[in-house]
Amino acid sequence: LDPRSSPKSAPYGLIDIGSSKIACFLVGTGPENEIILKGYGYQAALGLKAGNIVDVEAASRSIRSAIHSAEVMAGVPLERALVNLSVGNPTSYVTTIETDLSGRAVEDDDIQQA
């Protein structure tokens, strides 16, 4: 994925998700087709501990914050990116949870129990 092959008006994002920080770089091309840095942003990696994602919401906020800073500096929105996830051993699981609500609305306690 070469940023030199994309339209000059659309910078390409490089996002590095590490255990201690999240970094986002927006790169584009210069007048002679060279790669230039348009903007960057970084944020402490909240929600990550010892190479593992322990809080998805906090990690998501850190990633969005780094991206936003890069977009503001570049003056354009991020439309596509290459992401490097250098933490732990990322895995995902599909889990099915059932609980009897007896016709009542779902409450915070139900969600915490699940």
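The values are calculated or read from the model by the stated rules, or taken from the named source; none is laboratory data. Because the structure is predicted, anything quoted here is derived from the model rather than measured. Here the Cβ is made from the backbone with ideal geometry for all residues, glycine too, and neighbour counts use every protein chain on show. What goes into the accessible areas is simple: the full protein's heavy atoms, side chains included, and nothing from ligands, DNA or RNA. Shrake-Rupley method; radii C 1.70, N 1.55, O 1.52, S 1.80 Å.
Details
- Equivalent ellipsoid semi-axes, segment 20-61, via Cα gyration tensor eigenvalues times 5, rooted, Å: 31, 8, 7
- Local electrostatic count, Ser69, Cβ distance below 13 Å [Lys/Arg +1, Asp/Glu -1]: +3
- When the solvent-accessible area of segment 46-108 is split by element, carbon and sulfur atoms take up 53 percent of it, the probe being 1.4 Å.
- Among 93-106, 71-84, the order from most to least packed when residues are scored by Cβ within 10 Å on average: 71-84, 93-106
- Cβ crowding within 10 Å averaged over residues, with 32-43, 59-70 ranked highest first: 59-70, 32-43
- HN-Hα J in Hz across segment 14-20 - Karplus 6.51, -1.76, 1.60, θ = phi - 60°, x for Gly and Pro: 10, 10, 10, 9, x, 6, 10
- 4 °C / 1.567 mPa s Stokes-Einstein diffusion coefficient of segment 41-114, Kirkwood radius on C-alpha pairs, µm²/s: 84 µm²/s
- Gain on full stretching of the segment that runs from Glu79 to Glu98 - 0.36 nm per residue minus C-alpha separation: 3.0 nm
- By the helix-only formula, in which each DSSP H run with n ≥ 4 contributes -39500 (n - 2.57) and the sum is divided by residues, the chain has a 222 nm mean residue ellipticity of -7000 deg cm²/dmol.
- Nearest-ten-degree value, helix 56-74 long axis tilted from longest Cα axis of the chain: 20 degrees
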